[in-house]
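A short write-up of the structure that comes next.
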Amino acid sequence: MTYTFVTLFPNLIEGYFKDSILKRAIEKNLLEINYLNPRDHSKNKHFKVDDTAVGGGAGMVMNPQPLFDALDDLKSKDEDVHIVFVTPVAKPFVQNDAKRLAKKSHIAFVSGRYEGIDERVIEKYADEVFSIGDYILTGGELASLVLCDAISRNKEGVLGNSESLEVESFETPLLEAPSFSKPQNYEGLSVPSEYLKGNHSKIRSLKLALSEAKTKFFRPEQLLKHKVTQRLS
């Protein structure tokens, strides 16, 4: 799978791929990371990529010309590239989106800056538009990395043990049960005793109960989805 990050600040992204799971995936040729800087396509003599907002308002807006030309260049090299914009004013990105997008061969993430991207760019080039939450970031690079990481985990071969995907939060409506490591007792704090007895049926029942309790506390709407699913099954 190929990812292209369309960004004014590729150095903000590059470091994320120098360690851990995604680094190994790149070394195994499972992932390829490219960068496309709209500034390189600017026709302004000072290579500007922003201008004042039409109709007034604070801040600057990324203007269409550099992005039009950059994305045209990208599509001329791969007409199947799936172009994704990240913005607070979009539908939430969820686990099912990550699993679905993992089947794509090439995804481009377009990161906005300043007060955002000229809407005409999004209207012309966006295959999908996502938000990662109801808050504002300085730029879209972090959000693009979030999507990239979530999608990559669902690509075959990226994780060392693909079975770990099956028990993660949001594979079902319930949040994942608490995890514990050795030692069994640390500074007077113990793991649940049932985990230590080797009865896998009881362990599964306990994990389900803990998942339901955690979901009820943090995400009660997810617990409601779980109960509906249980009634329909």
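The values are calculated or read from the model by the stated rules, or taken from the named source; none is laboratory data. For clarity, every value in this text was computed on a predicted model and none was experimentally measured. Backbone-built Cβ (ideal geometry, glycine too); neighbour counts: all protein chains shown.
Quick look at the values:
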| quantity | calculated |
| --- | --- |
| Hits in region 106-163 (condition: farther than 23 Å from PHE17 by Cα and touching a Leu at 6+ places or on another chain (Cβ under 6 Å)) | VAL121, TYR125 |
| Number of the exception - HIS46 against (1) farther than 25 Å from GLU79 by Cβ; (2) assigned to a strand (DSSP E or B) | (2) |
| Residue satisfying all of: in region 166-190; surrounded by 14 or more Cβ atoms within 10 Å (Cβ to Cβ) and within 16 Å of the chain's Cα centre (by Cα); modelled with the highest pLDDT among these | PHE170 |
| Residue in region 37-62 that is surrounded by the most Cβ atoms within 10 Å (Cβ to Cβ), counting only those that are of a type outside the set (Gly, Ala, Ser), out of contact with any Phe, Trp or Tyr (no Cβ under 7 Å at 6 or more places or on another chain) and within 17 Å of VAL110 (Cα to Cα) | PRO38 |
| Every residue from region 135-165 that is among the β-branched types (Val, Ile, Thr) and modelled with pLDDT of 90 or more | THR138, VAL146, ILE151, VAL158 |
| Scope region 105-127; condition buried (at least 16 other Cβ atoms within 10 Å of the Cβ) and either in contact with a helix residue (DSSP H, G or I) (Cβ under 8 Å, 6 or more places away or on another chain) or without any contact (Cβ under 8 Å) to a residue 12 or more places away in the chain (or both); matching residues | ILE107, ALA108, PHE109, VAL110, SER111, ILE117, ASP118, VAL121, TYR125 |
| Conditions (1) among the hydrophobic types (A, V, I, L, M, F, W, C); (2) over 19 Å from ILE13 (Cα atoms); (3) at pLDDT 95 or above: number failed by MET62 | (3) |
| Long-range neighbours under 8 Å by Cβ, at least six apart or interchain, first residue in contact (Cβ under 8 Å) with a residue 24 or more places away in the chain within region 34-51, second polar (S, T, N, Q) and in a strand (DSSP E or B) | ASN34/THR2; ASN34/THR4; TYR35/THR4; LEU36/THR4 |
| Top-ranked residue in region 106-153 [being out of contact with any Ser or Thr (no Cβ under 8 Å at 6 or more places or on another chain) and of a type in the set (S, T, N, Q); ranked as farthest from ILE83 (Cα to Cα)] | THR138 |
